[in-house]
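See structure below.
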Amino acid sequence: MWRGENMTNLGSPKIDLTKFLSAPAVHTINDETVDPRKLMNNVSMVSMKLNSDNVEHVKTMTTEGYSKEERVQFIESIRSRVKSDVFELSTCNRVLYVGFEVDCEVLEQSVLGVTGLEDAPFDRYSGIDVWRQLVKVCSGLDSFILGELQVMGQFRGSVSLHRKNGLISEMNGVFFDHVVAANRMLRKEFGFNQTTESMLNLATTAIEELISKEKELNSVVLGFGEMGIKAVDTILDFGQSEITVVTRNPEISKQRNPDIASKVRMMTFEQWQSEPGQPSLIISTIRNIEPTYNHEHPLPSVTSTVMDFSWPPSIEHDGLSENQTLFGMDHWIKVAHKAGLEWDYSSTVQESDLLLTDIQEKFMNALTDRTQSKFRAFIYKTLESLSEDWKSTEYVDEKDNQMAPFSREIATWICNQSRPFGRDELEEVIRATERTINPNLLGRVVTDVTDAMLHINGKSTLPEATS
């Protein structure tokens, strides 16, 4: 029958399977089909990084300090105004909101409505730029702390909270999975394959080295927040007792940890400025927008090692006297990443931007590659199924195992065609095999493969062809 069809089919349309390769990638999530490119194009984000001009706005909008219940309620309020999924992230120096199926204007107005603000100096992002900026935020590229894991941990925790509380669908959650994956690629490319040491570990090691030299330390800790308390606790663990904590309001600070507070002296910044004592170690954990100590407001001039664990930095080099040595953020980054050279931030960011563009291209290409992979898998599976029928014919000996490899050879040729091809061309390829195959069986192979390809060719989409 197939030979008769071939005789009358000289001018018939060719088999064109390229339409399946150019179709948009489709993911299946919870039995729902999703076009990730379309999903990407419908994403928007408004973001604000802390600076001297927007500090009051950030203070009003941040969810840092909220309980889990308070934060979920806050996000749900924005979500109800937007009428679609919303993702919120607050860190020590930024707030950001990601919306799905909504533009930046609606997202921004919804956030302002919930927070009670009339306006706010947001940065706006849409489409793939949202993905790109989130990767920058999570990797620390936008804060010059490349490889820092703290924000990535906060981001993953935030994604988990949104998923567990139904604030984002599983479908939209996939978008954030791609951000995490890109972050891993970025860290790998820059050589940050091992977990960066935490600031506390760095502080512990540095303090231990000082104690090994001086035995008895007279220490001053600036700030009594979470990091300040940990710093004091670490010094106490080394058996040191001469510790002064400098804080804006000692009475309020004591309430944060009465036990540790009872083991140290506490004073205000004004008191310490006038009576600095003779500390050999000064640790700053101050969280401020601008450096607290600079050329206009220098540290008290006492001989000491100064460790600044604040970000943004709380102490500038011109705020030191000649008898003071500063270990600031650039030092801790170098130690944490075990780099041997000083960091050139501008060139690092330029290099990372190029790398991020490369990752972005790979990411977008992967969406198409997924379609190609599905197509190839379907063709190979179809031919493999046909080979099972061929092996059961009278023309194949039980010990003959060449039909499966033969089917894969045909499938490979079909998948490699980037243009339409004719039935006669397909037949010629099959009959040109160097394998020793019975001519009658070879005729059946031609018929079966041609019929299968014509069936697939008649479908408009790959899911339709596979059903």
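What follows draws every value from the coordinates through simple rules; no lab data is involved. None of the values given here were measured: they were computed from a predicted structure. Here the Cβ positions follow ideal geometry from the backbone for every residue, glycine too, while neighbour counts run over all protein chains shown.
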So for R0 = 30 Å, FRET eff. of Ser418-Leu355 from the Cβ-Cβ r, to 0.05, ends up at 0.50
Computed ³J(HN,Hα) along the range 264-269: with the Karplus parameters 6.51/-1.76/1.60, θ = phi - 60°, integer Hz and x for glycine or proline, the list is 10, 8, 10, 8, 7, 5
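For Asp451 and Arg184 in one chain, what is 0.36 nm times their gap in residues minus the Cα-Cα distance, to one decimal in nm?
Roughly 91.6 nm would be gained on extension.
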A correct Karplus calculation of ³J(HN,Hα) over the range 413-424, with 6.51 cos²θ - 1.76 cosθ + 1.60, θ = phi - 60°, whole Hz and x for Gly and Pro, returns 4, 4, 5, 7, 7, 9, 8, x, 9, x, 5, 5
Extended-chain gain in nm, criterion 0.36 nm per residue less alpha-carbon gap, Asp318 and Glu208
36.9 nm
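Between their Cα atoms, which of Lys136/Lys164; Lys19/Lys381; Lys49/Lys188; Lys14/Lys399 are more than 30 Å away from each other?
Result: Lys14/Lys399 exceed 30 Å.
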Where in the range 395-467 are there trypsin sites (Lys or Arg not before Pro) that are in a DSSP coil and have at most 16 other Cβ atoms within 10 angstrom of their Cβ?
Lys399, Arg435, Lys459
For Lys215, which lysines qualify as cross-link partners when the Cα separation must be under 26 Å and same-chain residues fewer than eight apart are set aside?
Lys230, Lys263
Return the tail of the calculated pair distribution for the range 199-336, meaning the percent of Cα-Cα pairs more than 28 Å apart.
8
Charge dipole magnitude, Cβ of K and R +1, D and E -1 - the range 199-336, Cα centre, debye nearest 20:
360
Please list, by residue number, everything in the range 213-235 whose backbone N is under 17 Å from a paramagnetic label point 7 Å out along Cα→Cβ of Asp259.
226-235
